[in-house]
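**Student:** Sending over a structure as structure tokens; questions will come in a sec.
The values are calculated or read from the model by the stated rules, or taken from the named source; none is laboratory data. The shown structure was predicted, so the numbers you read here are calculated from the model rather than taken from an experiment. Reconstructed Cβ throughout: ideal geometry from the backbone, glycine too, with neighbour counts over all protein chains shown.
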Amino acid sequence: MQDIRAALLSAVLVIPQAIAFAALAGLPPSYGLWASVIPVAVAALLGRTPELLTGPVVALSLALYSGLSQYAAPGGDTYIQYALFITLATGALQIVLSILGAQRILSWVPDWGTAAILSAVGVNLIASQIPSISGLPAVAIEGTIGQAWSALMALSDWHWQSIATVTVTIAVAFGSAGAPWRTLRALSLLAALSVGSLFAAMLPGMDQTLGNVSLGVPLSNPLALGATGWAWWPQWIPVIFTLAVLGLLQTGIIVRRVGGGVAELRREGLSGGVANIVAACTAGLPISGSFNRSIAHEQAGARTRWAAVGSGAAVLCVAFVPRLMSLIAIPAMSGMLLAIGWKLIDRNVFSQHKMFAVSVTTAGVFLGLQWAVALALALGAWRHFARGQQGTESADPAMRDVAP
């Protein structure tokens, strides 16, 4: 019974996030939903940590978009095909890294390094939503920061309906996150999205909704790149490496939090790699362990791996009610992502580890998340060899109830 309750709660949590994170990755909503079904079940059945719940996460979606958007138009058929290949390669690399014992090396990354990377993700996430908040048409400018700056320069033209919807959504997100009831805290993002969408529906002239969501058939061929794609794929290696390492880092934090050791870390790394390969073949996007959903999963009473399998089944049932998803307001979704981004930024890490943390976060914001990961790994290795101290295996300070 506890597994059933955990499965239903997890499904309710993942659906709006899956849709939002798919859009963040430049993919149709169905790719986030399908990534929350079969790949999640595969990761659960092959893993050994019942508290761990995988699925679409904000860090991987942002990394995919920032690394791939320069090669194809987001949302187009070519972009989708390239994204599927990168998802496949990410899974394969995670399997190789896990077999080679990379989890031990990744544990050298100190807590502040992971927090700084996630802070960079938070800043990028906030910047990526500024054009959506404005309600203005997208501008063809490369880079998240450039697009955000362009939207800010047109501040006087912003649509008041979008601003009002975002404001209400954020207020509900933060208000319900501090509620005394645990269930409401767990569902704070869903509550924010629901209230924001209802508020938007009452505003005159507000027609920015998700519209009809077509699920399609969850079958895809990630190797159908075409001549251009096969010529370009070596240039995607930094993106693939970033996705693989970010995924292993996030999953590792959750496994260590529940007391898992090196064997569990390797097992979950392998199962996550297989799950990403499955995601590439079932019209999904890259996945990894999810912070907030894993915490809610555990608190809801998940006792076995079948709770995660049930979560995927529940997502599939709800996803076939397209009318519910068509009512989601895009500004409300942006407000939800803004709340997530703000809570990902760990202000404490900058006061305690100023130079190192600022360097990693700055690299992630202005150079790309792959540079933040590389710098955190380099600083962690320096710390390990120069000082003879391994990165702590305690729960990361960025492991907060609201982090996706």
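**Student:** Can you tell me which residue among ALA179, ALA200, ALA186 is at pLDDT below 90 and surrounded by 17 or more Cβ atoms within 10 Å (Cβ to Cβ)?
**Tutor:** Step by step, each of ALA179, ALA200, ALA186 is checked, and only ALA186 is at pLDDT below 90 and surrounded by 17 or more Cβ atoms within 10 Å (Cβ to Cβ).
**Student:** Can you tell me which of ALA263, ALA283, ALA275, ALA332 is free of Cβ contacts under 8 Å to residues at least 40 places away in the same chain and hydrophobic (A, V, I, L, M, F, W, C)?
**Tutor:** ALA263
**Student:** Mind counting the residues in segment 50-98 that are within 30 Å of GLY259 (Cα to Cα), part of a helix (DSSP H, G or I) and over 15 Å from the mean Cα position of the chain (by Cα)?
**Tutor:** Qualifying residue count for the region: 10.
**Student:** Which residues, taken from segment 325-348, are in a helix (DSSP H, G or I) and touching a strand residue (DSSP E or B) at 6+ places or on another chain (Cβ under 8 Å)?
**Tutor:** Across segment 325-348, the qualifying residues are SER326, ILE330.
**Student:** Kindly indicate which of ILE126, ILE117, ILE80, ILE130 is free of Cβ contacts under 8 Å to residues at least 60 places away in the same chain, hydrophobic (A, V, I, L, M, F, W, C) and closer than 20 Å to VAL365 by Cβ.
**Tutor:** Going through ILE126, ILE117, ILE80, ILE130 in turn, the sole match is ILE130.
**Student:** Of these, THR144, THR78, which one is surrounded by fewer than 19 Cβ atoms within 10 Å (Cβ to Cβ) and either in contact with a strand residue (DSSP E or B) (Cβ under 6 Å, 6 or more places away or on another chain) or of a type in the set (Val, Ile, Thr) (or both)?
**Tutor:** THR78
**Student:** Given the residues ALA23, ALA72, ALA102, which is the only one that is touching a helix residue (DSSP H, G or I) at 6+ places or on another chain (Cβ under 8 Å), under 26 Å from LEU344 (Cβ atoms), hydrophobic (A, V, I, L, M, F, W, C) and surrounded by fewer than 21 Cβ atoms within 10 Å (Cβ to Cβ)?
**Tutor:** Selected residue: ALA102, the only one of ALA23, ALA72, ALA102 that is touching a helix residue (DSSP H, G or I) at 6+ places or on another chain (Cβ under 8 Å), under 26 Å from LEU344 (Cβ atoms), hydrophobic (A, V, I, L, M, F, W, C) and surrounded by fewer than 21 Cβ atoms within 10 Å (Cβ to Cβ).
**Student:** I've got another one for you. For segment 191-223, which residues satisfy the criterion of being hydrophobic (A, V, I, L, M, F, W, C), closer than 23 Å to SER36 by Cα and in contact (Cβ under 8 Å) with a residue 60 or more places away in the chain?
**Tutor:** ALA192, LEU193, LEU210, VAL213, LEU215, VAL217, LEU219, LEU223
**Student:** Please work out which residue is modelled with the lowest pLDDT, limiting yourself to segment 378-404 and to residues that are assigned to a helix (DSSP H, G or I) and buried (at least 18 other Cβ atoms within 10 Å of the Cβ).
**Tutor:** Among those that are assigned to a helix (DSSP H, G or I) and buried (at least 18 other Cβ atoms within 10 Å of the Cβ), it is ARG383.
**Student:** Somewhere in segment 175-182, is a residue in contact (Cβ under 8 Å) with a residue 24 or more places away in the chain, out of contact with any helix residue (DSSP H, G or I) (no Cβ under 6 Å at 6 or more places or on another chain) and not hydrophobic (A, V, I, L, M, F, W, C)?
**Tutor:** yes
**Student:** Is it true that LEU249 is touching a Leu at 6+ places or on another chain (Cβ under 7 Å) and closer than 28 Å to GLY364 by Cα?
**Tutor:** yes
**Student:** Which condition number does GLY284 fail, the rest of (1) in contact with a His (Cβ under 7 Å, 6 or more places away or on another chain); (2) under 30 Å from ILE240 (Cβ atoms); (3) not charged (D, E, K, R) being met?
**Tutor:** Going through (1) in contact with a His (Cβ under 7 Å, 6 or more places away or on another chain); (2) under 30 Å from ILE240 (Cβ atoms); (3) not charged (D, E, K, R) one by one, GLY284 breaks only (1).
**Student:** Within segment 159-206, which helices (runs of 4 or more DSSP H) (wholly inside it) include 1 or more residues that are among the small types (Gly, Ala, Ser) and touching a Gly at 6+ places or on another chain (Cβ under 7 Å)?
**Tutor:** 160-177, 188-201
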